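A short worksheet on the structure shown next.
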Amino acid sequence: MKTKLLVPIVCLMSTTGSFAQKRASLSQALSEVTRIYGTKFSYEEGLIRDAFVNSEHIPKNKRLPVESVLKELLYPNNYLFLYVQNNYFTIIRDSRGKKDNDGDERFWKIISGRVKDSKGAPLVGVTVMSDGYAVRTGVTTSSDGSYTLRLTNPADALIFSYMGMEPQRRVIGSSDQINVTMEQVVNVLDDVEVVSMGYTSLPKERATGAFGRVTAKQLQETPSINILERIQGLVPGVYVDPRTNAIKIRGVNTFGSDTPRDPLIVIDGFPMAETVDARFSLTDKGNTQSSGGAILSRINPNDIESITVLKDAAASSIWGAKAANGVIVIETKKGRNTAPSVNFGTSLSIASPADLNKMDRMSSAQYIDLEKQLVEEGFIADNIVKNSWDPFNISKPHSESLEWIFRVKRGTATEQERDAALARLAAADNRSQLKDYLLQKATSQQYNLSVSGGANKNTYFVSANYNKDVPVFRANKAESFNTTANLTNMLFNDRVKLATGITYNYGNSIGNSAAINALSSNISSGGLLPYEQLKDDNGNNIRRYIQFRPEIMQDFEKKGYLDWAYNPIEELDAASYNDQSHRLRMHMDINTKLTSWADFSVMGQWQRELENQENIDGVNSYGQRNMINIGTTFNDKGNYVYGYPMGGRLGIRNYNGSQYLFRTQLNINKPLGAASEHNLNFLAGAEWKQNSYRSSTDAYLGFNADTYSSAVINPRGSYKTIYGWDSYFSSNTSIAKNRNRALSYYSNGAFSAFNGKYVLSGSIRFDDFTLVGASRSKRGKPLWSIGGKWDAKKENFLKESKWADALGIRMTYGVNGTLPTGANRVVVINTSNDLITNEVTATIASPANSQISWEKVKTFNVGIDYGIWNNRLQFNLDYYTKKSSDIIYDFPYNPTYGWTSLKFNSSTMEGHGIDLGMSAIWLRSKVEWKTLFNFGYNTNEVTDSRFKSPTRVLDYITGTIPIVGNATDYMYAYRWAGLDNQGRSQIYKQNGEIVSADAPATALTPEDLVKVGRTTPPYFGGLFNTFSYRNFTLGVRITYEMGHVFRRLSVQNYPDYAPYSGAIGLQSDLAKRWRQPGDEAFTNVPGLNKAGYQYNSLSRYANSDVLVISGSNIRLQQIDLGYNFPFKMLERTPFKSVNVNASVRNLGLIWRKNKDGIDPSYRTLNNYSNLPPSPTYFMSLNLSF
């Protein structure tokens, strides 16, 4: 009996236990929702105390929208949830009763639907209201874009409104399901775009200055590691050259040699630390010193929220004595009060080496022909016989073709053997081997991961980024790692906002110059002639002697000297130049709200930069083998004496720099007037800053990489050489230490009247730097600006106008400054040790000048902002003038004081320009077409009358001295008159008279020259078109440079004396040289000549107008195609968004003005860098969880 009763009891307990396990409290379920989705709830105390839910409905992940989860949890318990704001809901009791459907007599109609944007993503928080009655009923859309509106009274239509979107009106009719797609609204002057000045942010409509802004979305459209490539052409007036890492804002303001010309970089409100008084750069190139060098990114482009370029005085004068060249303000991303969001992105690129067949060089046959003529005309003689005063034949080796020519003259080879050998060499071409063994496909990899989100009291943004860039040159690469964490906490009932941030950047580059050297024409540094191969037919390395003749070097090798031959392939593993850097930045801002319109901030930043450079030339490297062999001799007993230590060479450089900045700032943003139609925005503050660094360089000989040890030598000692004389160790040891401090006071204010119709702004700053350049009485001078803006569209007479949807006029004037880094208020003395006595010696590097002060730039700017066609077509036009004074320059000084020149603040120059920006939305339907066009014009002129026209012609030709009335980058040229019948240059004088090559320079006057233009483009900009269809996006990026000129290189390293020694140029023009009378009819390249006037002949041709060609060009920079996966496809996946993108960059020229077939941007002679890069193909993937 007991057994029979036990069975049902156990079954009942099991069933009860199973039922219990499926139940959970509603409070517990909502806690899980908060943990997973980050959702917040508010409800009456005790409302859900006794409510339970099925535990199977508790979410385990984000597979379903949060609203669907809440429906399953709340509706069965007779609860409703109301949308408050993004991811924030209020829970209430459902008091409607059981009858709540279409047949409910309490409602006239129940309408539901979904609202999404143009890309199909749901819009949360859209206001949906009835239209047609004075009293309206409304709701907002939930997290999946859905809504349900219960109308108690009849209505004609529904109105859908959302910030940033065009309002939509839909007639109700008989429908109870209304779905809506909303489009973005475009506005110029009435938008809420915020302009960041670094110290503060202003609504764009209150900004009187000239700004340019680049958004995060625009940055992501270019996948390149180099951030300069991402911003090129996007801002009017900003000239970017990614090849040289140069960026200029509205041209240059000085012609002083030591004055900085780069803009100030500000990140998150603080200026970036500078290295040894050099401006911070956004990217670094690897130490290959060429356009193909690997890229090191100093900042993660994916961390950037926006870039604001401050161009005029009103925008940048608040930054004081470092703002004359403009300011680039970068704001990094911050967290938001949303559920946690995880974003992952990756981008891969690949590019083939540039086409070596397009390299400007002679063929093997043409080069051999040049060498034959050089021998025939006595420019090059046989060097097989040593000079009587030399211990051995120290002559450099001949090329292989020259050696065959001289063998016949020596009688060691027949003409038939020579001709056969030269024919074999003439048919050879080493370009395929150069590509196969020294070059490689350029690749890059980028990986980015970020997590962001927040709750009521805090937000966070954390990211990590890794980049790897491998250029076309073998044995070169660079990699960087970036991590960022930005946190925000609200404290003390939201009266105190604590914002902290930390950023770490690691960079590592490895360089090797073997490939670059091989592609040059300098044989002594490893350059290869057109016919010189790297490997023979059997695949063995071809090894050449480049220090002495082969028989001499082989004789040394037989005596036991180190192998003295050279092959570039072997050098790829023999040397490695490694540069590592660590950069840490930490900042904090404690902002305390004093009133509803005032707050006070205490903020600071600390930066640290550590650099360690190790340049290792192994014992097997040619450079070390060469030095060891030269320093190896024999003693009286016939034993080796290694004067130069056996082993490798280690060159090191260490840099340890830091900066701290402390700032206090009062901010006021107070509405004024009965209706708050006026506004005062004001700030005032003070900051203290210190930059300090220590650096050292040294070199260690006899280095052993395995034991990391080196030989002990006397750094100022000498050693015997094979030449019979002593050589001294070159001391590369140096140490440096510096510390600069600054104290600054600043203020900025803007008053906006009548709802922004009129705006008046001003700023002032006092800087006091402890630089050696300026005395205290000259440093603390005010730098200031004033500005005004009129929003004419808000005037009554323009409010209803059809021809202008937006019209604003801006005007500013101010004074900026530049630090005097090139002059000193104290005597600068250089010390050294005498090599013989080892006594300390001293020389005066520069005398003291206590009158040194800032270089000043006075800037006037007037601008107009105009919008039409419902603001779908927008224009921003600025005209500016700049007047620079107190430019520091060397002027003659009384030599009886011990020096012949002294730097003074006394030179002047001026400039002016135009910035034009245009944006348009041509189509806004299923197909969307947007255009962004930017144009910049800038010119300058030296106005200091002391730089009157020089009397020497060469001063104009070299372009090294300022000339009044000319731009700082002027170019003059001789008037080309062709060659005479002896192949010599001829030039015209102003009156048409011909001057021959044998005429001295005094036969010419400056008036005989022709001014051909400027060397930097005065006109530049970009054109960007974006086409969208459904989820596809197509982008086309074009940049252009106009109005500048450059000299086409033609006769560099052209022999002009006999006997000639040194490198012989490889450029193709040398094959077009004059050879005999009559050739002058079809060539301008002078012939070979040993006469003394040959220098004049070559110099005047090289600097004549016949070689000056236009640099104007239009370049297709990028085409990209992207696809955003629609939201419906991702509903059952963990992804919020998925985007794939394919891009191709460096597509080449669309148009060039010159007819010489030369790409103006890539014109360096006789090396790989004169070739435009091959197209680079990118694949990118971005995911959001």
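The residues on offer are Met588, Met553, and the sole one that is in a helix (DSSP H, G or I) and either within 30 Å of Gln665 (Cβ to Cβ) or not charged (D, E, K, R) (or both) is Met553.
If only residues of segment 161-205 that are surrounded by 17 or more Cβ atoms within 10 Å (Cβ to Cβ) and more than 36 Å from the chain's Cα centre (by Cα) are counted, the one that is modelled with the lowest pLDDT is Tyr162. In the set (1) out of contact with any helix residue (DSSP H, G or I) (no Cβ under 6 Å at 6 or more places or on another chain); (2) without any contact (Cβ under 8 Å) to a residue 40 or more places away in the chain, Asp563 fails one condition alone, (2). For Pro1077, the requirement of being under 17 Å from Ser521 (Cβ atoms) and of a type outside the set (D, E, K, R) is not met.
The strands (runs of 3 or more DSSP E) found entirely in segment 1066-1185 that carry 3 or more residues being more than 19 Å from Pro1055 (Cα to Cα) and out of contact with any Ser or Thr (no Cβ under 9 Å at 6 or more places or on another chain) are 1108-1110. Under the condition of being aliphatic (A, V, I, L, M), in contact (Cβ under 8 Å) with a residue 40 or more places away in the chain and over 25 Å from Tyr988 (Cα atoms), the residues counted in segment 920-969 number 5. Tallying residues that are aliphatic (A, V, I, L, M) and part of a strand (DSSP E or B) within segment 432-479 yields 8.
Filter segment 596-626 for residues that are out of contact with any strand residue (DSSP E or B) (no Cβ under 7 Å at 6 or more places or on another chain) and surrounded by fewer than 19 Cβ atoms within 10 Å (Cβ to Cβ); which is modelled with the lowest pLDDT? The residue in question is Ser596.
Yes/no per residue for (1) closer than 30 Å to Leu680 by Cβ; (2) not in a loop (DSSP other than H, G, I, E, B); (3) not basic (Lys, Arg):
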| residue | (1), (2), (3) |
| --- | --- |
| Val195 | yes, yes, yes |
| Gly198 | yes, no, yes |
| Leu202 | yes, yes, yes |
| Gly209 | yes, no, yes |
| Arg213 | yes, yes, no |
| Leu219 | no, yes, yes |
| Ile225 | no, no, yes |
| Leu228 | no, yes, yes |
| Leu234 | no, no, yes |
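Residues in segment 780-810 that are of a type in the set (Asp, Glu) and loosely packed, with under 13 Cβ neighbours inside 10 Å: Glu800 only. The set of residues from segment 655-693 being among the charged types (D, E, K, R), within 31 Å of the chain's Cα centre (by Cα) and modelled with pLDDT under 95 comprises Glu687, Lys689.
Beta carbons closer than 6 Å, at least 6 apart along the sequence or on distinct chains, pair a first residue in segment 611-639 that is closer than 12 Å to Arg649 by Cβ with a second that is of a type in the set (D, E, K, R) and outside any helix (DSSP H, G or I) for Asp617/Arg649; Gly623/Asp617; Gln624/Asp617; Gln624/Arg649. Annotation: of all residues in segment 1-47 being of a type in the set (Asp, Glu) and surrounded by 10 or more Cβ atoms within 10 Å (Cβ to Cβ), the one that is modelled with the lowest pLDDT is Glu44. Exactly one residue out of Asn508, Asn493 is over 26 Å from Pro397 (Cβ atoms) and either assigned to a helix (DSSP H, G or I) or more than 21 Å from the chain's Cα centre (by Cα) (or both): that is Asn493. Scanning segment 718-753 for residues that are hydrophobic (A, V, I, L, M, F, W, C), in a strand (DSSP E or B) and over 30 Å from Pro271 (Cα atoms) returns a single hit, Ala753. I need the full set of residues from segment 976-990 which are within 30 Å of Thr939 (Cβ to Cβ) and either touching a Pro at 6+ places or on another chain (Cβ under 6 Å) or surrounded by fewer than 20 Cβ atoms within 10 Å (Cβ to Cβ) (or both), in order please. Across segment 976-990, the qualifying residues are Tyr988, Lys989, Gln990.
In segment 981-1001, the residues that are free of Cβ contacts under 8 Å to residues at least 60 places away in the same chain form Cβ pairs under 7 Å with partners that are exposed (fewer than 12 other Cβ atoms within 10 Å of the Cβ), at six or more places apart or across chains, as follows: Gln990/Glu1007.
Return yes when Lys435 is under 30 Å from Ala1091 (Cα atoms), among the basic types (Lys, Arg) and surrounded by fewer than 18 Cβ atoms within 10 Å (Cβ to Cβ) and no when it is not. When the stated conditions are applied, Lys435 does not pass them.
From the list Leu1121, Leu1107, Leu1116, the lone residue that is more than 30 Å from Leu1034 (Cβ to Cβ) and either surrounded by fewer than 20 Cβ atoms within 10 Å (Cβ to Cβ) or among the aliphatic types (A, V, I, L, M) (or both) is Leu1107. Total residues in segment 591-630 satisfying the condition of being closer than 30 Å to Thr733 by Cα and outside any strand (DSSP E or B): the figure is 13. In this structure, Gly756 does satisfy being modelled with pLDDT under 90 and either outside any strand (DSSP E or B) or touching a helix residue (DSSP H, G or I) at 6+ places or on another chain (Cβ under 9 Å) (or both). Scanning segment 1062-1119 for residues that are within 23 Å of Asn1154 (Cα to Cα) and among the β-branched types (Val, Ile, Thr) turns up Thr1083, Val1085, Val1106, Val1108, Ile1109, Ile1114.
Taken over segment 864-897, the criterion of being surrounded by fewer than 17 Cβ atoms within 10 Å (Cβ to Cβ) and at pLDDT 95 or above is satisfied by Ile864, Leu877, Tyr879, Thr881. Of all residues in segment 141-155, those being surrounded by 13 or more Cβ atoms within 10 Å (Cβ to Cβ) and at pLDDT below 80 number 4.
Per-residue answers, yes or no, for (1) over 30 Å from Arg474 (Cα atoms); (2) at pLDDT 90 or above; (3) not aliphatic (A, V, I, L, M):
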position: Ser317; (1), (2), (3): yes, no, yes
position: Ala321; (1), (2), (3): yes, no, no
position: Ala324; (1), (2), (3): yes, no, no
position: Thr332; (1), (2), (3): yes, yes, yes
position: Pro340; (1), (2), (3): yes, no, yes
position: Ser347; (1), (2), (3): no, yes, yes
position: Ile350; (1), (2), (3): no, yes, no
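Among the residues of segment 556-575, those identified as outside any loop (DSSP other than H, G, I, E, B) and within 42 Å of the chain's Cα centre (by Cα) are Tyr566, Pro568, Ile569, Glu570, Glu571, Ala575. Sort out for me the strands (runs of 3 or more DSSP E) sitting completely within segment 303-386 that have 1 or more residues that are crowded, with 21+ Cβ neighbours inside 10 Å and of a type outside the set (S, T, N, Q). Where strands (runs of 3 or more DSSP E) fall fully within segment 303-386 and carry at least 1 residues being crowded, with 21+ Cβ neighbours inside 10 Å and of a type outside the set (S, T, N, Q), they are 304-310, 327-332. Taken over segment 39-64, the criterion of being of a type outside the set (D, E, K, R), out of contact with any helix residue (DSSP H, G or I) (no Cβ under 9 Å at 6 or more places or on another chain) and closer than 19 Å to Val124 by Cα is satisfied by Ser42 alone. Applying a threshold of 8 Å to beta carbon distances and a minimum spacing of six or more residues, or different chains, the list of pairs starting in segment 309-329 at a residue that is on the phi > 0 side of the Ramachandran plot and ending at one that is among the charged types (D, E, K, R) reads Gly320/Arg765; Gly320/Asp767; Gly326/Arg250; Gly326/Lys311.
The values are calculated or read from the model by the stated rules, or taken from the named source; none is laboratory data. All figures in this text were calculated on a predicted structure; none of them were measured in a lab. When we count neighbours, we look across all protein chains shown, and the Cβ atoms used for this are built from the backbone with ideal geometry, even at glycine.
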